[in-house]
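Structure record follows, encoded as structure tokens.
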Amino acid sequence: MKVKTLLKSLVALAFAGFIAASAQAQSAPKVLIVDLAKLYDAHYETVDQNEKLKADEQKAQQKLESLNAEGNALLKEFQDLQEQLKNPALSADAKTKIQQDAQKKAEEIQRKQIDVRSFTEDIQRGFRQRIGSFRQVLLEKISKTASEIAKRKGATLLIDKSGPSGIGISNILYFDAAYDITDEVAKELDKGRPAGSAPAAAAPAATAPTTKPAAKSSDAPSVSFPGSK
């Protein structure tokens with residue numbers, strides 16, 4: 001073989017080896033794992049948000065109970081009028097007057113039902129919007145911190161292990177705990193916790209409060225419209 005041909009072959013082999021090495025290096029990404037749900041639930045801002053939601057839910061429940069009490073009082077007045085109509089000694093004029101009063105009372109009860117239902121729906125919608133906005137902002141903040149830490153560690157891929165897959169199971173079936181940076185991200189996030197605030201080790205996730213009348217399990221008011229069952 002000529003020297004020139006041999007050199008070309010050696011160069012070709014060296015280049016092929018370089019390409020193979022580069023491809024091998026590129027095909028071995030560094031993957032890290034993080035639990036966003038755990039970080040969200042334990043975040044000090046989530047704890048504070050849950051306390052505010054709890055206090056506001058109690059206020060809303062007190063208001064709802066007051067509305068229901070007013071409605072039940074109207075219902076009692078209506079029932080009393082109905083009882084008066086059973087008196088055989090009533091004159092025609094007196095009976096007509098009681099029937100007119102009962103009709104007005106029934107209309108008041110219906111308006112109170114609408115007030116209670118509207119109040120309940122407004123409160124629940126407001127809570128859902130507050131929680132949704134809070135969750136979006138905080139998860140973006142947590143995700144940014146987690147991504148920054150992953151980049152510092154040279155990761156090429158960061159996977160959240162908290163979310164289920166399309167068939168309802170975990171997206172990750174197995175991983176080495178050494179690649180989980182959740183605790184490290186938690187420490188980084190905790191640096192922004194205000195002095196004196198309680199640690200958020202076991203904080204529950206914020207959920208929409210269920211503001212309902214005390215006597216019912218549905219969103220409908222406890223006031224019954226006359227004639228309803």
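Coordinate-derived values only; no laboratory data. Just so we're clear, the structure is a prediction, and the values are computed from it rather than from any experiment. When we count neighbours, we look across all protein chains shown, and the Cβ atoms used for this are built from the backbone with ideal geometry, even at glycine.
Things worth noting here:
- Taking packing as the residue-averaged number of other Cβ atoms within 10 angstrom, the listed peptides 49-57, 109-117, 187-195 run from highest to lowest as 109-117, 49-57, 187-195.
- Computed E for Q84/R135 - FRET, C-beta separation, R0 45 angstrom, nearest 0.05: 0.25
- Length available on full extension from A195 to K54: 0.36 nm per residue minus the Cα-Cα distance, which gives 48.5 nm.
- Ranked by how many other beta carbons lie within 10 Å on average, peptides 78-90, 162-174 from highest: 78-90, 162-174
- Net length gained if the chain between N171 and K104 were fully extended (0.36 nm per residue, minus Cα distance): 18.0 nm
- Theoretical gain in end-to-end length, D122 to K144 [0.36 nm per residue, Cα-Cα removed]: 4.6 nm
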